[in-house]
Amino acid sequence: MEPAAEQQQQLRSLRDFLLVYNRMTELCFRRCVSDLNHRLLTRREELCLDRCAGKLVRSNHRLVTAYVALMPAVVQRRAAEYRAQEGPAAPAAPAPPDASPDASPPAPAAAAGGGASAGPSGAST
């Protein structure tokens, strides 16, 4: 990966982390802190914040674990869908060098009604 692309990826990761952290902080603050008249948190507010943050961190960890486990299957499915979409629109791929010339060309030539043009491929009808 190029240094510029790697740096962009790191910046995206940092931005994503900060967004999750900020959302968690805001959510837990709204849920747990009820009295802003004191400089320090009450014991009840501290416990609530600890539980809230812990719950969100564990949830995020489970989501990331599931995402990492599912990603290879998603990538494979997308690649298969891409190949399937590209297949009919794209011209036929050349036969592998070790394949015999009679293996696949006769079907398109016979379907097109070009029995006489099948000569160069080595197929006879």
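The values are calculated or read from the model by the stated rules, or taken from the named source; none is laboratory data. Just so it is clear, the structure is predicted and the values come from calculations on it, not from any experiment. Here the Cβ positions follow ideal geometry from the backbone for every residue, glycine too, while neighbour counts run over all protein chains shown. All accessible areas refer to the heavy atoms of the entire protein, side chains included, with ligands and DNA or RNA removed. Shrake-Rupley method; radii C 1.70, N 1.55, O 1.52, S 1.80 Å.
What the table below lists for this structure:
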read-out: Scope segment 30-69; condition touching a residue at least 12 places away in the same chain (Cβ under 8 Å) and open to solvent by less than 100 Å² (accessible area, probe 1.4 Å); matching residues; value: Cys32, Val33, Glu45, Cys48, Leu49, Cys52, Ala53, Leu56, Val57, Asn60
read-out: Residues being among the small types (Gly, Ala, Ser), out of contact with any helix residue (DSSP H, G or I) (no Cβ under 6 Å at 6 or more places or on another chain) and in a helix (DSSP H, G or I) - total across segment 1-57; value: 4
read-out: When residues of segment 55-73 are limited to those that are within 24 Å of Met24 (Cα to Cα) and of a type outside the set (A, V, I, L, M, F, W, C), the one nearest to the chain's Cα centre (by Cα); value: Tyr67
read-out: Which numbered condition Val20 fails, given (1) in contact (Cβ under 8 Å) with a residue 12 or more places away in the chain; (2) under 19 Å from the mean Cα position of the chain (by Cα); value: (2)
read-out: In segment 1-48, the residues that are among the β-branched types (Val, Ile, Thr) and closer than 26 Å to Asn60 by Cα; value: Val20, Thr25, Val33
read-out: Pair list, Cβ < 9 Å and 6+ apart or interchain, from segment 1-15 residues that are modelled with pLDDT of 90 or more to residues that are open to solvent by less than 100 Å² (accessible area, probe 1.4 Å); value: none
